[in-house]
Structure formats: structure tokens, C-alpha cells
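Student: Mind looking over this structure? Questions follow.
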Amino acid sequence: NGGIVVSNPTHPGTNGNFNGGRISMFSRNTTLNSFVFETALNGPDGSSFGHAMAIAGDSLLVSLPGANACRLYTLSTGNFNLRFTFNLPVGDNGTYGDAVAVGDGGNVLAIASTQTSAAGRVYIIRRSGAFMNSPVTITA
């Protein structure tokens with residue numbers, strides 16, 4: 001509908017502490033040639049919710065690198081609908097969700113995990129209907 005989603009990863013979290021993060025949805029009002037606030041979500045304290053975001057079609061991938069997680073939402077007017085939560089894979093000691101991408105109309109997701117002393121990784125996840133396939137890992 002020509003709407004936008006914006007993030008503020010340093011916004012106070014659900015308990016009021018800093019770096020919880022917030023994402024906000026605005027819809028386009030063509031009559032007034034402006035945007036109207038629809039809804040917002042706050043992240044858990046310390047999660048930096050919204051540090052990175054990517055959107056394709058009605059799919060929105062949002063990172064929470066402070067919590068080593070990413071969340072996939074589907075968007076509808078005035079709503080963020082949580083579909084999946086992806087957590088840092090076992091054996092990875094990086095910052096999961098430092099960067100994200102969505103492609104193929106929301107059917108392909110990429111989640112980066114940066115490392116402090118080694119090469120980073122990118123996890124490629126393909127959506128198949130209501131299911132998520134196991135990630136393919138690319139190490140840089």
C-alpha cells in the first residue's frame with residue numbers, strides 16, 4: 001500500500017531500559033500526501049531490535065543482535081504478525097543478525113553473523129509455504 005517501516009534500535013525496551021529497540025509502521029495517505037502512524041513494536045531490553053531490517057512483499061525480517069536472534073513478520077495494515085524467530089545457531093559465537101536481507105518476494109532470507117576474530121557467516125534460509133528449510137551456511 002506504499003507504507004513504510006522504520007526502526008530505532010536504541011529506543012527504550014519493553015522494561016524501559018535502553019537499546020531495546022522499536023519498529024514502527026506507517027501507511028500512506030494519498031489524499032493528504034502524507035504518512036499515518038499505524039502501530040509499533042518494542043524489543044526486549046538490550047536486544048537492539050531493528051538494528052537491521054529487510055522487506056520484500058509482505059515479509060519483514062528484523063534483527064535483534066543483542067539477543068542473537070532475528071524475527072520474521074508478515075505485514076498487514078496496522079499489524080506485525082510474527083511468523084518465525086531464528087536464534088544463533090549452535091557453534092556460532094558471532095553477533096547474529098548484524099545484517100539481514102530478504103529476496104524472492106520474501107521466500108529467501110539471509111542473516112549475517114559477524115565474528116570478532118574469525119571470518120563471518122551468512123545463513124541462507126528458504127521459505128517453503130508455512131515452513132522454513134534448514135539454513136545453508138556461507139563462511140567468508
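Student: Identify, from the list 59, 63, the residue that is closer than 18 Å to residue 103 by Cα and touching a Cys at 6+ places or on another chain (Cβ under 9 Å).
Tutor: When all the criteria are applied, what remains is 63.
Student: Return the pair list, or none, for Cβ contacts closer than 9 Å from residues in region 24-48 that are farther than 23 Å from residue 64 by Cα to residues that are assigned to a loop (DSSP other than H, G, I, E, B) and open to solvent by 60 Å² or more (accessible area, probe 1.4 Å), at least 6 apart or on different chains.
Tutor: So the pair list comes out as 27/1; 27/77; 28/1.
Student: Return yes or no: is residue 18 closer than 27 Å to residue 115 by Cα and within 13 Å of the chain's Cα centre (by Cα)? Break it down into steps so the answer makes sense when it comes.
Tutor: On the way: closer than 27 Å to residue 115 by Cα: yes; within 13 Å of the chain's Cα centre (by Cα): no.
No.
Student: Going by what's in this entry, would residue 64 be described as touching a Phe, Trp or Tyr at 6+ places or on another chain (Cβ under 9 Å), in contact (Cβ under 8 Å) with a residue 24 or more places away in the chain, more than 20 Å from residue 3 (Cα to Cα) and of a type in the set (A, V, I, L, M)? Full working, then the answer.
Tutor: Details: touching a Phe, Trp or Tyr at 6+ places or on another chain (Cβ under 9 Å): yes; in contact (Cβ under 8 Å) with a residue 24 or more places away in the chain: yes; more than 20 Å from residue 3 (Cα to Cα): yes; of a type in the set (A, V, I, L, M): yes.
Yes.
Student: Provide a single number: the residues in region 1-45 that are out of contact with any strand residue (DSSP E or B) (no Cβ under 9 Å at 6 or more places or on another chain) and either open to solvent by less than 30 Å² (accessible area, probe 1.4 Å) or not hydrophobic (A, V, I, L, M, F, W, C) (or both).
Tutor: To start, the set of residues in region 1-45 that are out of contact with any strand residue (DSSP E or B) (no Cβ under 9 Å at 6 or more places or on another chain) comprises 15-18, 30-33, 45.
Those still in the list that are either open to solvent by less than 30 Å² (accessible area, probe 1.4 Å) or not hydrophobic (A, V, I, L, M, F, W, C) (or both) too: 15-17, 30-31, 33, 45.
Count: 7.
The values are calculated or read from the model by the stated rules, or taken from the named source; none is laboratory data. These numbers come from a predicted model, not from an experiment. Glycine gets a Cβ as well: all are built from the backbone with ideal geometry, and neighbour counts include every protein chain shown. Side chains included, ligands, DNA and RNA excluded: accessible areas come from the protein's heavy atoms. Shrake-Rupley method; radii C 1.70, N 1.55, O 1.52, S 1.80 Å.
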